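The values are calculated or read from the model by the stated rules, or taken from the named source; none is laboratory data. Since this is a predicted model, take the numbers as computed values, not measurements. Here Cβ is always computed from backbone atoms with ideal geometry, including for glycine, and neighbour counts include all displayed protein chains. Side chains are part of the model used for accessible areas, which takes the heavy atoms of the whole protein and leaves out ligands, DNA and RNA. Shrake-Rupley method; radii C 1.70, N 1.55, O 1.52, S 1.80 Å.
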Amino acid sequence: MTLSRLIATSVANMRVILKWGCILVPMSACIGTLCAIFLWLLDQVTACRIAYPGLLWLLPLAGVAVGLAYHAFGRCAEGGNNLIIDQIHEPGGGVPLRMAPLVLVSTVISHLFGASVGREGTAVQIGGSIASGFGHLFRLDPHAVRIILTSGIAAGFGAVFGTPIAGAIFALEVLSIGRINYRPLLPAAFSSIFADWACHGWGIHHTSYRVSFAGAPDWGGSVFHMAPVLLAKVGLAAVCFGLASLLFAESVHRLAPVIRRACPVAWLRPAIGGVATIALVYLVGSRDYLGLGVVAATQDGASIVNFFHTGDYTWSWLYKLLFTVVVLATGYKGGEVTPLFFIGAGLGNTLSGLLGVPVDLLASVGFVAVFAGAANTPLACTFMGIELFGATNIVYIATGCFVAYLCSGHSGIYLSQRVGIAKHAHPMIVPDMPLRQARTVWDKW
């Protein structure tokens, strides 16, 4: 390569970097700021719901109000995370800008009145909506639209959980099962890190989870710990985590059509979920399964934080699964991921006593492994485990995520995912088949 060509190539590359920098910096700052507002609002409404337990009785009416808002203004925004993934695979009409305020307000309302939903779906939709708006503003071509939407997902995910590396990998991994396109890696990583920085810049702090288990301090001079018997026990628990992922995803997918047939009017369906939630509260005899479930209203209540310590939480994971499936299948907005954290940590807490595994270790593995199986993102969840719990137990965390991913089958919470490489050989499951089609094929096999 001649000197003149080398200089010309360097100048061209600098122009591309400058162009993307001018797009990604304000976009990521905007997403990070909206995530900060969202997380602050969640803290406020959660405190309000705990202080005024009677708000639960208004949950059916709140759900109907949100349903009417989407009926009047939502249109294609109803597609949520699946719409964003579809637009990355096949850019077309784009993601509407109104998705961001609609899902933010709707999720806050859901949490105020006690719906058992999460926050990841909201953050990803905020990221995708804002990214699509920037794409239209800068008149990006379809290839660039794919990159900016992927970066928007990364920014929303990284900022809302405080896990920027996992956010970047999640945005790449969630698109196709078993296959990753690394072309958007740099802009996705930049967006996730910058959005997380912007979110923290507004004074937002994420929950800290303490895992005290570190194995033998002199384990061969390595910073990692791995004991064969303990690893085998974690692998056995991971099979249960994968089956829990499958149970969660399939419960939502199979209950939703039943609800649609029973109630053809879309905006009325949340009333069914609201009434069912109230009934479940009184059947279970606890309000611990409302909202996010990160912390409990009482000192020993069922919560993600408390699952890292011993306690009587045997069926808490199943109760949370029921509460969440009911509201998601009936149309409440929010997300699935934080409830999946609850289910995984709670199941890990239960299995720790049966398997003789340290409770904080298995709770941390379940925390990320159930999500890995449900979202089909084992690499992102492994990095999330490192960012949240440290690298000492990475062997156990990775084992939990990989095994749960394999055991969750061809199902998941994002039906717009494409099958890059099938988990298990099947003559009818071909590359680039949408997951919604693959799970149907697998059922009929």
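Of all the numbered requirements in (1) part of a helix (DSSP H, G or I); (2) surrounded by fewer than 20 Cβ atoms within 10 Å (Cβ to Cβ), Met226 misses one, and that requirement is (1). Here Pro257 meets each of (1) over 30 Å from Ser208 (Cβ atoms); (2) in contact with a Pro (Cβ under 8 Å, 6 or more places away or on another chain); (3) not hydroxyl-bearing (Ser, Thr, Tyr) with one exception, condition (2).
Based on what the data block shows, is Tyr313 among the hydroxyl-bearing types (Ser, Thr, Tyr) and either surrounded by fewer than 19 Cβ atoms within 10 Å (Cβ to Cβ) or farther than 24 Å from Phe161 by Cβ (or both)? So Tyr313 fails the test. With a requirement of 2 or more residues that are at pLDDT 90 or above and of a type outside the set (Asp, Glu), the helices (runs of 4 or more DSSP H) lying completely within region 347-445 that satisfy it span 359-375, 378-389, 394-407. Figure legend. Inter-residue proximity from region 317-330: first residues without any contact (Cβ under 8 Å) to a residue 40 or more places away in the chain and in a helix (DSSP H, G or I), second residues of a type in the set (Ser, Thr, Tyr) and open to solvent by 10 Å² or more (accessible area, probe 1.4 Å), beta-carbon distance below 8 Å, spacing 6+ or different chains. Indicated pairs: Tyr319/Ser286; Tyr319/Tyr289.
From Leu42, Leu61, which residue is open to solvent by 30 Å² or more (accessible area, probe 1.4 Å) and in a helix (DSSP H, G or I)? Spell out the reasoning first.
Details: Leu42 fails: open to solvent by 30 Å² or more (accessible area, probe 1.4 Å).
Of the residues listed, the single one that is open to solvent by 30 Å² or more (accessible area, probe 1.4 Å) and in a helix (DSSP H, G or I) is Leu61.
Just a yes or no: is a residue in region 122-145 buried (at least 24 other Cβ atoms within 10 Å of the Cβ) and closer than 30 Å to Tyr282 by Cβ? Yes, the conditions are met somewhere in region 122-145. Candidates in region 45-55 are the residues that are over 25 Å from the mean Cα position of the chain (by Cα) and of a type in the set (A, V, I, L, M, F, W, C); of these, the one that is surrounded by the fewest Cβ atoms within 10 Å (Cβ to Cβ) is Ala51. The set of residues in region 26-38 being closer than 16 Å to Pro101 by Cα, surrounded by fewer than 22 Cβ atoms within 10 Å (Cβ to Cβ) and hydrophobic (A, V, I, L, M, F, W, C) consists of Cys30, Ala36, Ile37. Residues that are out of contact with any Lys or Arg (no Cβ under 9 Å at 6 or more places or on another chain) and open to solvent by 80 Å² or more (accessible area, probe 1.4 Å): does region 231-244 have at least one? Yes - at least one qualifying residue is present in region 231-244.
Taking the options Ala369, Ala363, name whichever one is more than 19 Å from Leu290 (Cα to Cα), open to solvent by less than 10 Å² (accessible area, probe 1.4 Å) and more than 17 Å from the chain's Cα centre (by Cα).
Details: Ala369 fails: more than 17 Å from the chain's Cα centre (by Cα).
From the options Ala369, Ala363, the qualifying one is Ala363.
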